[in-house]
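The values are calculated or read from the model by the stated rules, or taken from the named source; none is laboratory data. Nothing here was measured: the structure is a model prediction, and the numbers come from that model. Every residue, glycine among them, receives a Cβ derived from its backbone with ideal geometry; neighbour counts consider all protein chains shown.
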Amino acid sequence: MSDNTDVQLLDEFVVQYNLFRKEISKVIVGQDEVIKEVLISIFCNGHCLLVGVPGLAKTLLVQTISDALGMSFNRIQFTPDLMPSDIVGAEILDENRNFKFIKGPVFSNIILADEINRTPPKTQSALLEAMQEKSVTNSGSTYKLDIPFFVLATQNPIEQEGTYPLPEAQLDRFMFNVILDYPKYEEELQIVKQTNSGNSKSLNTIMNSEDILKFQELIRKIPVADNVLEYVVTLVSKTRPSSHHSNHDMKQYIEWGAGPRASQFMLLAAKCHAAINGKYSPDIENVKAIAKPILRHRLVKNYKAEAEGISIDDIIENLL
């Protein structure tokens, strides 16, 4: 790190992060990797897509995180009849017959976009500007969103009837694609016991907006060795079938690879992964630890991979 202040701040970050994890574990049982990846996306100022079957506490996880952060939170239930104005807001005629903009639920620090693939692309795209520019444009006027601003979206992978696949441009704006799996047997016992006891857990606020912004700036300042930087760019370049870096698997099974945004996110996430593990600079192991959630929604399989039943995670595993 550049000076003693940054080193002290990084040590403070590790303490705060561990407190945060402990607080979340009061409500959420298990799912350690999922929680870690969601928190990394928050500290890297990124958005996160949570994919899992119903009943795995995706919504509860996001609500718990927002409670422990003490920031404004809005949940938007995406449905087939949802309109863009239901998300960003709309202009109305006030009592003086002047147009007045009424802000929608997107004007909040944390947005839970619940079942984001249930709404048509027209409404999904209402989030694009908010996610990228942190602003909303309506009738020629631009309104800045509150910062920090995160979209934590959930998606059900098994129910495809009445759903609309997310466009690639929207998927690319999500830093992480996090897969939630079923809990272990012991964890499920604990979940059932905890939810039927009648005791509700109250959460303490661990961090506020200023803390998050301070730590986001700190993560960006973490230095990176040239060999790690080159490894990140080479790894992402290998995912492109047309690249001279790509291997046999990529040329055979991948239609489209990851773009430069994947390299940017991967380096940033590796810095944060290093920081939460008490390191002052990331190494190649930190890059490998976060590669899957960064790449899995940015690679497009071809018909050959589909026919042979090869998953994106298998392809990334071979790449690493």
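Given the conditions (1) assigned by TED's automatic domain parsing to the domain that holds residue 20; (2) touching a Leu at 6+ places or on another chain (Cβ under 9 Å), report the number of the one that residue 235 does not fulfil.
(1)
Would you point out which residue out of 148, 157 is under 21 Å from the mean Cα position of the chain (by Cα) and at pLDDT below 80?
157
Report, by residue number, each residue of the range 3-37 that is over 25 Å from residue 185 (Cα atoms) and not in a helix (DSSP H, G or I).
3
Regarding residue 241, is this residue over 27 Å from residue 5 (Cβ atoms), outside the structural domain of residue 16 (by TED's automatic domain parsing) and modelled with pLDDT of 85 or more?
Here the answer is no, as residue 241 does not meet what is asked.
Among the residues of the range 192-203, is there at least one that is in contact with a strand residue (DSSP E or B) (Cβ under 9 Å, 6 or more places away or on another chain) and either surrounded by 12 or more Cβ atoms within 10 Å (Cβ to Cβ) or in a strand (DSSP E or B) (or both)? Reasoning before the result, please.
Keep residues of the range 192-203 that are in contact with a strand residue (DSSP E or B) (Cβ under 9 Å, 6 or more places away or on another chain), which gives none.
Looking through the range 192-203, none of the residues is in contact with a strand residue (DSSP E or B) (Cβ under 9 Å, 6 or more places away or on another chain) and either surrounded by 12 or more Cβ atoms within 10 Å (Cβ to Cβ) or in a strand (DSSP E or B) (or both).
So which of 211, 249 is assigned by TED's automatic domain parsing to the domain that holds residue 66, in contact (Cβ under 8 Å) with a residue 24 or more places away in the chain and acidic (Asp, Glu)? Steps first, answer last, please.
Numbers: 249 fails: assigned by TED's automatic domain parsing to the domain that holds residue 66.
None of the others qualify; the one that does is 211.
Have a look at 50, 9, 56 and point out the one that is in contact (Cβ under 8 Å) with a residue 40 or more places away in the chain and over 28 Å from residue 264 (Cα atoms). Before the answer, list the steps.
Values: 50 fails: over 28 Å from residue 264 (Cα atoms); 9 fails: over 28 Å from residue 264 (Cα atoms).
Exactly one of 50, 9, 56 is in contact (Cβ under 8 Å) with a residue 40 or more places away in the chain and over 28 Å from residue 264 (Cα atoms), namely 56.
Is the range 214-223 home to any residue that is more than 20 Å from the chain's Cα centre (by Cα) and among the aromatic types (Phe, Trp, Tyr)?
We begin by selecting, within the range 214-223, every residue more than 20 Å from the chain's Cα centre (by Cα); these are 221-223.
Imposing the further condition that a residue be among the aromatic types (Phe, Trp, Tyr) reduces the set to none.
Checked against the condition, which is being more than 20 Å from the chain's Cα centre (by Cα) and among the aromatic types (Phe, Trp, Tyr), the range 214-223 yields no hits at all.
Restricting the first residue to the range 118-133 and requiring it to be closer than 15 Å to residue 164 by Cβ and assigned by TED's automatic domain parsing to the domain that holds residue 151, which pairs with a second residue that is surrounded by fewer than 20 Cβ atoms within 10 Å (Cβ to Cβ) and β-branched (Val, Ile, Thr) meet a Cβ separation below 8 Å and a spacing of at least six or different chains?
Qualifying pairs under 8 Å: 118/79; 118/163; 119/79.
Where residues in the range 43-73 are closer than 19 Å to residue 195 by Cα and among the hydroxyl-bearing types (Ser, Thr, Tyr), which of them is surrounded by the fewest Cβ atoms within 10 Å (Cβ to Cβ)?
59
Would you please name the residue that is surrounded by the most Cβ atoms within 10 Å (Cβ to Cβ), looking only at residues in the range 24-42 that are of a type in the set (D, E, K, R) and under 20 Å from the mean Cα position of the chain (by Cα)?
Taking the range 24-42 as the starting set, the residues that turn out to be of a type in the set (D, E, K, R) are 26, 32-33, 36-37.
Filter once more, so that each one left must be under 20 Å from the mean Cα position of the chain (by Cα): 32-33, 36-37.
Working: 32: 10, 33: 14, 36: 18, 37: 24.
Residue satisfying both the conditions and the ranking: 37.
Taking residue 278 as meeting all but one of (1) in contact (Cβ under 8 Å) with a residue 60 or more places away in the chain; (2) closer than 25 Å to residue 52 by Cα; (3) of a type in the set (Gly, Ala, Ser), write down the number of the exception.
(2)
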